[in-house]
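Just below is one structure, and these are the notes that go with it.
Nothing in this text is a laboratory measurement; each read-out follows from the coordinates by a stated rule. These figures come from a predicted structure and were not determined experimentally. Cβ sites come from the backbone with ideal geometry, for glycine too, and all protein chains shown count toward neighbours.
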C-alpha cells in the first residue's frame, strides 16, 4: 500500500469516492511534507517519514478524539516544529480533543491547553501551562518546568497571595509557594535560571551574594 493509499484508508468509513479519498490524502501528505512521496511504498520511506504517514492517516479522518504518543520522536528539529504547528492547527480547526503524550517540555508547553505532569503513574498537577510553569505543585513539577538549583532558607512571613518572605543567610527574598508556610519553618528554594541576573553589589533588595568562579 502506497503512502497515499495508507492515508486514504482512514477515509473509507466516510463512504467517499476513490478520487476524493486520494485528493484528501494528498492534501494531508502535503501538510506533513510528504506529497512528493505519495506513491512510494513503506520500504522506500525512512522511519521518520513512516511516522509522518501514520500521523497524516490519524489526522485526515477528522476524529473527535486523537491520542498521540510521542508522535514527533523520530523527526529532526525543523520537522518537529513544522508538524507541531500542523497538529495544533488541525486540532483547533476540527475541534478535536487531542491527548498528547511527550517527554519534551517545549512541546508540552507549546501545544497544551491543559497540561498534566505525571510521575510514576500519578498525576502530580493538571492545570493550564502558565499555572504549571509559575506555580508548580511539588518539587518534581518544579524541576520538570526548568527550576533548578537548591537553596535552604527560613520563612520570615507572608508577602501576598502565594508569596512568602524567606531569609537566606543575611538576605531576605520573596518566593512563590504552593501553600502558605508557617513562619520560622525551614524551606527549600528552587531557582529558575532565566529569572536570575547579575547586578552590582550596591543594591540591597532581593540580592544573593556570591563570587564568579568561571565565565
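Reducing the range 98-171 and the range 24-82 to their Cα centroids gives an inter-centroid distance of 33 Å.
Provide the three semi-axes, in whole Å and in decreasing order, of the ellipsoid equivalent to the range 1-149 as defined by the square roots of 5 times the Cα gyration tensor eigenvalues. Write down the numbers at each step before the final one.
Details: eigenvalues 227, 53, 27 Å².
Computed over the range 1-149, the values are 34, 16, 12 Å.
Using only Cα atoms and rounding to the nearest 10 degrees, what angle (0 to 90) does helix 47-60 make with the longest principal axis of the chain? Result, in degrees: 80.
Extending 7 Å from Cα along the Cβ direction at residue 40 and again at residue 211 yields two label points whose distance is 5.9 nm. Over the C-alpha atoms of the range 76-164, the Rg to Rh ratio, Rh being the Kirkwood estimate, stands at 1.07.
Once C-alpha pairs closer than 8 Å and six or more residues apart are averaged by separation and normalised to the residue number of the range 148-215, the relative contact order reads 34 percent.
Please report the projected area of the range 148-215's Cα convex hull averaged over all directions, in nm². Walk me through the numbers on the way to the answer.
Numbers: hull surface 20.9 nm².
Average of the hull's projected areas for the range 148-215 equals 5.2 nm².
Where both bridge residues fall in the chain, DSSP classifies roughly 80% of the beta bridges as antiparallel.
Once the Cα atoms of helix 77-94 and of the chain are each reduced to a long axis, what angle between those two axes, in degrees from 0 to 90 to the nearest 10, is obtained? Helix 77-94 sits roughly 80 degrees off the main axis of the chain.
With the contact rule set at Cα under 8 Å and sequence spacing of 6 or more, what percent relative contact order holds for the chain? Can you show the working numbers first?
Values: 281 pairs, mean separation 25.3, N = 215.
It comes to 12 percent, rounded to a whole number.
Compute the normalised compactness of the range 49-101: alpha-carbon radius of gyration over 2.2 N^0.38 Å, N being the residue count. If you can, show how the numbers build up before the last one.
Working: Rg = 10.4 Å, N = 53, 2.2 N^0.38 = 9.9 Å.
Expressed relative to 2.2 N^0.38 Å, the Cα Rg reads 1.05.
If you rank 133, 41 by fewest surrounding Cβ atoms within 10 Å, what's the result?
Details: 133 19, 41 12.
Exposure proxy ranking, most exposed first: 41, 133.
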